Ligand code: ARG
């Protein structure tokens with residue numbers, strides 16, 4: 001039987017190795033920098049551990065950190081590869097350190113398992129990704145608010161069941177979507193906090209008989225705290241990614257509704273909004289076509305992220321406690337989910353910023369029926385009880401006439417209505433999120449610099 005040599009496994013059948021390694025050599029490339037950061041923190045903590053003789057000295061820890069910085073630089077330059085025989089980034093980095101540092105490289109895995117190692121890599125990666133996502137989310141909300149402000153009181157027919165309902169405005173439409181998107185930050189923030197805990201030191205899920213300082217490793221990496229229970233820490237892998245994917249699925253569903261409105265309102269039959277021609281794609285047979293494919297794909301990506309969230313929960317639900325190799329397959333799911341969501345946020349911000357409005361078409365939509373509720377409310381103002389006013393209008397629908405949409409837009413002055421939008425509310429929320437993200441990124445980047453340059 002033909003077998004392959006790996007660092008840990010004396011001999012593994014190549015087909016079995018290839019199946020178990022799966023996509024790790026490709027996916028783990030994204031984790032290289034975080035793997036090095038995690039190892040730098042672990043080795044630093046090992047060098048401070050009160051054992052005699054030391055596992056590694058402080059000098060040796062510094063040499064390991066310097067070498068890890070080189071691995072990160074090599075990875076950035078495309079000079080670092082994960083071989084199938086490495087299985088994953090963890091072994092590839094250990095192999096490289098052993099090649100360059102000799103016996104010292106063989107010490108770095110003391111008191112650690114790949115189980116807590118990969119879990120910490122994923123958490124550092126997710127933290128970095130979520131900080132980027134938060135910026136992109138606020139940028140999209142900002143683009144919608146800017147669009148709403150630019151066309152604030154431009155009348156737009158409000159719809160329920162897609163039927164003409166009541167006078168509304170472009171300002172209300174745009175900032176309504178912006179607010180939905182900003183609210184999704186609460187779910188993202190929950191996923192961020194759940195993620196902000198350090199699994200290192202749980203090792204294979206059962207700790208080790210060494211005086212590890214788990215708080216110290218957690219602090220070095222900038223986590224809010226260690227995951228306390230070692231067994232729980234091993235089970236948190238996958239749960240964390242599933243919570244993230246659920247938050248992303250919910251966010252995508254919000255984005256999909258925005259895309260759907262934009263598709264609808266930019267149809268020639270509505271003609272309310274116009275997408276730049278360069279943002280539309282054509283047809284190979286119909287010369288006149290300018291299609292909103294970009295927005296249609298937001299819908300399909302939403303379906304995809306929803307599927308990824310479902311896949312992650314399906315993967316978890318029947319797994320026994322402790323590490324199981326199934327967890328490796330969570331990696332591709334969350335990586336795909338976060339990358340699709342981030343691209344979607346960026347592309348939507350661009351499309352929103354480029355969208356034009358056709359005021360004539362928007363005003364044309366104001367058929368008499370749109371004013372029915374306003375007419376009934378004017379009767380109320382003259383003393384008629386509401387239900388009676390409602391019936392008077394309902395029984396004389398043909399008497400309704402087109403009114404001035406601008407006057408209707410100006411008449412709704414209460415909070416959040418056409419003439420009652422608080423632009424500071426949006427500015428403060430967006431500034432608040434951006435400020436928080438900026439602070440977090442600054443301290444995270446400082447720690448990374450400290451550990452791996
Ligand atoms: N590549 C593996 C993963 O992502 C690393 C952990 C392997 N651990 C193990 N006990 N086989 O899950």
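No lab work stands behind these numbers, since they all come straight from the coordinates. None of these values were measured; they are calculated from a predicted model. We place every Cβ from the backbone using ideal geometry, glycine too, and count neighbours over all the protein chains shown.
Just need the relative contact order of the chain here, percent rounded to a whole number, with Cα pairs under 8 Å and 6+ apart. Don't jump to the answer; show the numbers that get you there.
Values: 637 pairs, mean separation 83.9, N = 453.
Relative contact order for the chain comes out at 19 percent.
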Within 10 Å, count the other beta carbons around each residue, average over each peptide in 402-411, 51-60, and list them highest first. 402-411, 51-60
Gap in Å between the Cα centre of the stretch 146-184 and the Cα centre of the stretch 284-353? 27
Gap in Å between the Cα centre of the stretch 33-86 and the Cα centre of the stretch 227-272? 35
Given the peptides 164-176, 431-443, arrange them by the average over their residues of other C-beta atoms within 10 Å, most packed first. 164-176, 431-443
Expressed as a whole-number percentage, the relative contact order of the stretch 104-256 with C-alpha contacts under 8 angstrom and at least six residues apart is 28
